[in-house]
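Chemist: There's a structure below that I have some questions on.
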Amino acid sequence: MFKAPRGTFDILPQEQPYWKHVEEKAASLCRLYGYQPLSMPIFEDAQLFTRTVGRGTDIVEKEMYIFQDKSGHELALRAEGTAPVCRAYLEHGLFNLTQPVKLYYIGPAFRYERPQAGRYRQHHQFGFEALGEADPVLDAEVIEMACRFFLSLGLSGVSIQLNSIGCKLCRPGYLEVLARHYAERADSLCPDCKARLTRNPLRLLDCKNASCRKMAATAPKSSDYLCPDCQLHFQGVQGFLEAVGISFQLNHRLVRGLDYYTRTVFEVEPQERGGQSTLGGGGRYDDLIETLGGSPTPAVGFAAGLERIILNLKRQNSDIPELPRPVAFVAYLGPEAKVEAMKIASQLRKAEIAAIMASGDKSLKGQMRQADASGSAYALILGQQEVRTRNVVLRDLRSREQETVPLADVATMLKSC
Ligand code: AMP
């Protein structure tokens with residue numbers, strides 16, 4: 001028996017209302033803020049990720065799904081959404097449009113991780129990106145948007161963690177001090193952090209190991225090493241957030257797991273925190289587009305994981321709108337009635353009335369059970385007698401009341417229900 005690959009899952013019909021709810025809220029949020037949809041391929045040139053996400057990162061080092069196609073091109077399943085958005089921005093000359101260009105996407109991402117609750121090998125991300133503008137007002141807008149998104153979903157108690165990790169001018173100085181801080185205590189570092197110390201010292205700040213966490217608490221803060229421009233930018237972001245009443249916690253250990261970030265980084269935590277809890281994260285990536293061969297182009301964005309959102313909606317017992325149910329279930333008794341039932345079901349659908357047609361040779365009782373299970377509001381029942389008199393029995397499946405109505409009137413009657 002085949003099973004869905006480890007770390008992947010099917011989204012069965014009963015789960016779909018959650019997904020639809022989140023996707024609809026995402027799309028209406030983006031309409032509200034003027035972000036336009038972008039759909040991208042599921043696989044990209046592998047180098048798109050290795051060059052931008054960074055060689056020292058978990059994603060690139062151990063988690064990418066890389067394969068060669070038949071002509072030997074090295075491709076990777078989409079590991080995250082920001083680099084593909086930037087690739088599309090460059091490829092289609094979107095830099096020629098009025099800046100910033102505001103785009104959003106919803107789609108799967110693939111990472112070969114150890115599966116656990118809230119961590120999968122295929123997950124889904126909703127992300128939005130504002131490209132071509134350095135103004136801190138955009139960072140604040142993106143953070144406000146993220147907050148509004150979770151509020152609109154009915155998730156209460158989310159909190160924002162905020163930090164600035166500086167730019168290519170001031171970060172090297174900070175990294176030096178940070179590496180020194182850790183090097184002096186190298187004996188107490190976990191093996192992963194020992195290996196990261198020279199390659200990617202920033203990542204040491206968010207290691208979950210107890211002894212590394214202790215060292216992170218006393219580590220130098222990136223915000224104390226910002227150059228004057230980055231300082232001003234960071235103050236701007238905080239000022240705009242305060243202006244719109246978004247509260248946030250400054251967290252000097254927050255660095256994010258991807259190398260392309262500059263200046264602002266932020267994460268959204270749910271009420272109930274735990275191992276794999278972060279709902280989403282984002283920040284500024286002013287050098288990414290240049291890394292891909294474009295002109296220097298500042299940009300900022302955010303991405304959230306749909307699975308974790310849905311996990312939290314369930315934890316909080318949130319009300320989720322139901323998906324539309326069928327209006328009519330068409331039942332029949334006998335071969336003549338079956339033809340008539342097929343015709344009436346077809347007419348109903350032509351009139352945009354959702355109808356389910358019975359099939360097989362179930363008894364009327366069996367068909368009524370199926371009608372109830374389908375969630376239909378009405379059952380239409382056709383027997384020999386109804387066919388002869390050009391009538392149909394219309395049964396209200398909630399009240400169980402029924403009446404005989406002319407076949408010719410049934411579509412109009414159901415349309416007005
Ligand atoms: P990232 O691209 O790593 O910044 O991730 C953005 C968001 O996607 C995270 O905050 C999570 O909500 C979600 N996410 C990332 N990786 C996974 C995963 N393996 N499984 C489920 N959700 C994930």
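Chemist: Sort the following peptides by mean Cβ neighbour count (other Cβ atoms within 10 Å, averaged over residues), highest first: 198-206, 174-182.
Modeler: The most tightly packed comes first, giving 198-206, 174-182.
Chemist: If you don't mind, there's one more thing I want to ask. Please find the FRET efficiency linking Glu336 to Gln276, where r is the Cβ-Cβ separation and R0 is fixed at 45 Å, and quote it to the nearest 0.05.
Modeler: Approximately 0.15, to the nearest 0.05.
Chemist: Something else: On each of the three principal axes of the Cα atoms of the range 315-417, give max minus min coordinate, whole Å, ordered largest first.
Modeler: Rounded to whole Å, the extents work out to 54, 28, 24 Å.
Chemist: Based on the Cβ-Cβ distance of Thr404 and Phe67, what FRET efficiency does E = 1/(1 + (r/R0)^6) give at R0 = 60 Å, to the nearest 0.05? Present the calculation step by step, with values, prior to reporting the outcome.
Modeler: On the way: r = 62 Å, r/R0 = 1.04.
Working from the Cβ atoms, E equals 0.45.
Chemist: Give the average over all directions of the projected area of the C-alpha convex hull of the range 190-331, one decimal, in nm².
Modeler: Result: a mean projected hull area of 15.3 nm².
Chemist: Something else now. With every atom except the alpha carbons ignored, what do you get for Rg and Dmax of the range 173-258, in angstroms?
Modeler: Over the range 173-258's Cα set, Rg and Dmax evaluate to 14.7, 46 Å.
Chemist: Here is a follow-up. According to the Kirkwood expression over distinct Cα-Cα pairs, how big is the hydrodynamic radius of the range 329-384, in Å?
Modeler: 11.1
Chemist: Within the accessible area of the chain, what % is carbon and sulfur when the probe is 1.4 Å and the other protein chains stay in place?
Modeler: Ligands and nucleic acids excluded, carbon and sulfur reach 52 percent.
Chemist: Separate question: Indicate the gyration tensor shape class of the range 73-175 (rounded, prolate or oblate), computed on the Cα atoms with a ≥ b ≥ c the square roots of the eigenvalues: a/c under 1.5 is rounded; otherwise a/b larger than b/c is prolate and the rest oblate.
Modeler: rounded
Chemist: For the chain, what is the relative contact order in percent, using Cα pairs closer than 8 Å and at least 6 residues apart in sequence?
Modeler: This gives 16 percent for the chain.
Chemist: While we're looking at this one, here's another question. Could you tell me how far the Cα centroid of the range 399-414 sits from the Cα centroid of the range 332-395, in Å?
Modeler: About 11 Å separates the Cα centre of the range 332-395 from the one of the range 399-414.
Chemist: Continuing with the same structure: From the alpha carbon gyration tensor of the range 1-129, can you work out the equivalent ellipsoid semi-axes (sqrt of 5 times each eigenvalue) and give them in Å, largest to smallest?
Modeler: 25, 23, 12
Chemist: Now for a different question. For the range 284-348, what does the accessible surface come to per residue with a 1.4 Å probe? Please give it in Å².
Modeler: 44
Chemist: Can you work out the base-10 log of I(q)/I(0) for the chain at q = 0.10, 0.14 1/Å, using the Debye formula on its C-alpha atoms alone?
Modeler: -0.77, -1.21
Chemist: Given a 1.4 Å probe and heavy atoms of the protein chains only, how would you sort Lys3, Lys214, Lys415, Lys314, largest accessible area at the top?
Modeler: Values: Lys3 180, Lys214 155, Lys415 120, Lys314 80 Å².
In descending accessible area the options line up as Lys3, Lys214, Lys415, Lys314.
Chemist: Return the Cα extents of the range 98-146 along principal axes one, two and three, sorted largest first, each rounded to a whole Å.
Modeler: Dimensions of the range 98-146 along the principal axes of its Cα atoms: 40, 19, 14 Å.
Chemist: Might you tell me the accessible area per residue for the range 187-267, computed with a 1.4 Å probe and given in Å²?
Modeler: For the range 187-267, the per-residue accessible area is 50 Å².
Chemist: At 7 Å along Cα-to-Cβ for each site, give me the label-to-label distance between Lys3 and Gln116 in nm.
Modeler: Label at Lys3, label at Gln116, 1.9 nm between them.
Chemist: With Rg and the Kirkwood Rh both taken from Cα atoms, where does Rg over Rh land for the range 45-120?
Modeler: The Rg/Rh ratio comes out at 1.03.
Chemist: Hey, which lysines would be in cross-link range of Lys214, C-alpha to C-alpha under 29 Å, not counting anything within fewer than 8 residues on its own chain?
Modeler: Reachable lysines: Lys62, Lys168, Lys194.
Chemist: Which lysines have a Cα less than 16 Å from the Cα of Lys350, not counting those fewer than 8 places away in the same chain?
Modeler: By straight Cα distance, Lys350 reaches Lys415.
Chemist: Right, something else. Binning at 5 Å from 0, report for the range 261-312 what percent of all alpha-carbon pair distances ends up in each bin.
Modeler: 5, 20, 22, 16, 13, 11, 9, 4, 1
Chemist: Could you tell me the calculated FRET efficiency between Ser363 and Asn317, based on Cβ-Cβ distance and R0 = 41 angstrom, to the nearest 0.05?
Modeler: Result of the calculation: an efficiency of 0.60.
Chemist: Hey, what's the range 94-140 come to in accessible area per residue, 1.4 Å probe, Å²? Intermediate results must be reported in sequence, preceding the final value.
Modeler: Working: 1880 Å² over 47 residues.
So the range 94-140 comes to 40 Å² accessible per residue, rounded to a whole number.
Chemist: Give, to the nearest whole percent, the P(r) tail of the range 116-200 beyond 21 angstrom, counting all Cα pairs. Display every interim value, and only then the final one.
Modeler: Numbers: 2144 of 3570 pairs.
Within the range 116-200, distances greater than 21 Å cover 60 percent of Cα pairs.
The values are calculated or read from the model by the stated rules, or taken from the named source; none is laboratory data. The structure displayed is predicted, hence computed values, not measured ones. With ideal geometry, Cβ positions are generated from the backbone for all residues, glycine too; neighbour counts draw on all protein chains shown. The area values use the complete protein model at the heavy-atom level, side chains included, leaving out ligands, DNA and RNA. Shrake-Rupley method; radii C 1.70, N 1.55, O 1.52, S 1.80 Å.
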